[in-house]
Amino acid sequence: MRVMALDIGKVRCGVAICDPRESVASPVCVLPTNEVVGNAASFRRVLEDWEPDMLLSGLPYTMAGEEGPQAQRIRAAATAIAKATGLPLEFTDERLSSSEAKRSLREKGYHEREMRGKVDMIAASLFLQAWLDERRSRREAEEGASSSGTGAR
């Protein structure tokens with residue numbers, strides 16, 4: 001299944017995608033948020049290019065694990081995007097993904113101004129990768145639990 005992650009900000013929306021085997025998340029692009037929410041041609045082109053089976057939206061949580069103040073706005077925007085595209089939608093914790101993306105870009109020698117167009121798509125790929133890894137771990141644990149209960153008598 002190909003999952004497309006959206007890091008929905010007030011101005012920009014970072015887009016990332018995973019491979020069909022759900023192993024690796026990769027940054028794709030950054031689009032104006034109003035184009036993504038409005039299902040503009042630029043966003044439809046990205047959807048056509050990557051053909052996702054599902055959308056994953058990051059939600060900002062506080063360090064206490066509660067939804068942050070922007071969560072309601074992001075939840076509404078993501079729901080509108082899912083409705084316009086006809087794709088199923090899930091949410092995941094995006095806590096610290098932007099700061100991790102900035103740290104990574106700084107390590108590669110980027111300055112603040114150069115980062116602006118990259119942070120959101122890298123943040124989307126970071127929380128998508130974390131979501132994929134968690135999903136794989138759960139699946140492996142379930143498979144291990146079900147196979148351990150079917151031993152020889």
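The values are calculated or read from the model by the stated rules, or taken from the named source; none is laboratory data. Just so it is clear, the model here is predicted, and its values are computed rather than measured. Every residue, glycine among them, receives a Cβ derived from its backbone with ideal geometry; neighbour counts consider all protein chains shown. In case anyone asks, the SASA skips ligands and DNA or RNA and just uses the protein heavy atoms, side chains included. Shrake-Rupley method; radii C 1.70, N 1.55, O 1.52, S 1.80 Å.
Screening the range 84-123 for residues that are surrounded by fewer than 14 Cβ atoms within 10 Å (Cβ to Cβ) and in a helix (DSSP H, G or I) and picking the one that is nearest to the chain's Cα centre (by Cα) gives Ser99.
Checked against (1) outside any strand (DSSP E or B); (2) in contact with a Ser or Thr (Cβ under 9 Å, 6 or more places away or on another chain), Glu48 meets all criteria but (2). Could you list, in sequence order, all residues of the range 1-39 that are touching a residue at least 12 places away in the same chain (Cβ under 8 Å) and basic (Lys, Arg)? Matches in the range 1-39: Arg2, Lys10, Arg12. Pairing each residue of the range 86-109 that is farther than 18 Å from Ile74 by Cα and at pLDDT below 80 with any residue that is of a type outside the set (Gly, Ala, Ser) and open to solvent by 50 Å² or more (accessible area, probe 1.4 Å), provided the two are 6+ apart or on different chains, yields C-beta distances under 8 Å for Glu100/Leu126; Ala101/Lys118; Ala101/Leu126; Leu105/Glu114; Leu105/Lys118. Of the residues making up the range 9-32, those that are open to solvent by 30 Å² or more (accessible area, probe 1.4 Å) and in a loop (DSSP other than H, G, I, E, B) are Lys10, Val11, Asp19, Pro20, Arg21, Ser23, Val24. Determine if the range 62-83 includes at least one residue that is open to solvent by 40 Å² or more (accessible area, probe 1.4 Å), touching a residue at least 24 places away in the same chain (Cβ under 8 Å), under 16 Å from the mean Cα position of the chain (by Cα) and under 22 Å from Asp133 (Cα atoms). So far as the range 62-83 goes, no, none of its residues is open to solvent by 40 Å² or more (accessible area, probe 1.4 Å), touching a residue at least 24 places away in the same chain (Cβ under 8 Å), under 16 Å from the mean Cα position of the chain (by Cα) and under 22 Å from Asp133 (Cα atoms).
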